[in-house]
Amino acid sequence: TCESAIQLREKGEVVVVDTTLKYLGTVHVKSGVKDLHFEVVKEALLRTIKEVIGEDKWNEEMNNAWGEAYDQLAEAIKAEMKNHHDETT
């Protein structure tokens, strides 16, 4: 997610190497990850970052940036999970 945030800031998009996405998709499928799990992890990640940074420094802009980085990475992983599922059925 951190790499995604950096890419989003520098390039305006998140690009993950295909082999990494294939690996992440396979691992997530084998682990039984569902869409709902991505939302739970996102919430936990944002709360953890907020706690580490401190409420006095955390703001809506940071929340949105980290959320967007996570969302883009999650969507890429979900797409690869679908590809993995389609290839195995």
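The values are calculated or read from the model by the stated rules, or taken from the named source; none is laboratory data. These numbers come from a predicted model, not from an experiment. Note that each Cβ is placed from the backbone with ideal geometry, even for glycine, and that neighbours are counted across all protein chains shown. Accessible surface areas use protein heavy atoms only, side chains included; no ligands, DNA or RNA. Shrake-Rupley method; radii C 1.70, N 1.55, O 1.52, S 1.80 Å.
Can you give me the ranges of the helices (runs of 4 or more DSSP H) entirely in the chain with at least 1 residues that are under 10 Å from the mean Cα position of the chain (by Cα) and of a type outside the set (D, E, K, R)?
Counting at least 1 such residues, we get 2-11, 35-53, 60-88.
Filter the range 19-48 down to the residues that are exposed (fewer than 10 other Cβ atoms within 10 Å of the Cβ) and at pLDDT below 90 and list them by number.
Within the range 19-48, just Thr19 meets the criteria.
Any idea which residue in the range 1-28 is nearest to Glu87 (Cα to Cα), counting only those that are in contact with an Asp or Glu (Cβ under 9 Å, 6 or more places away or on another chain) and β-branched (Val, Ile, Thr)?
Only one residue fits best here, namely Thr26.
Just to be sure before I move on: is Ile77 free of Cβ contacts under 8 Å to residues at least 40 places away in the same chain and open to solvent by less than 80 Å² (accessible area, probe 1.4 Å) in the structure I sent?
No, not satisfied.
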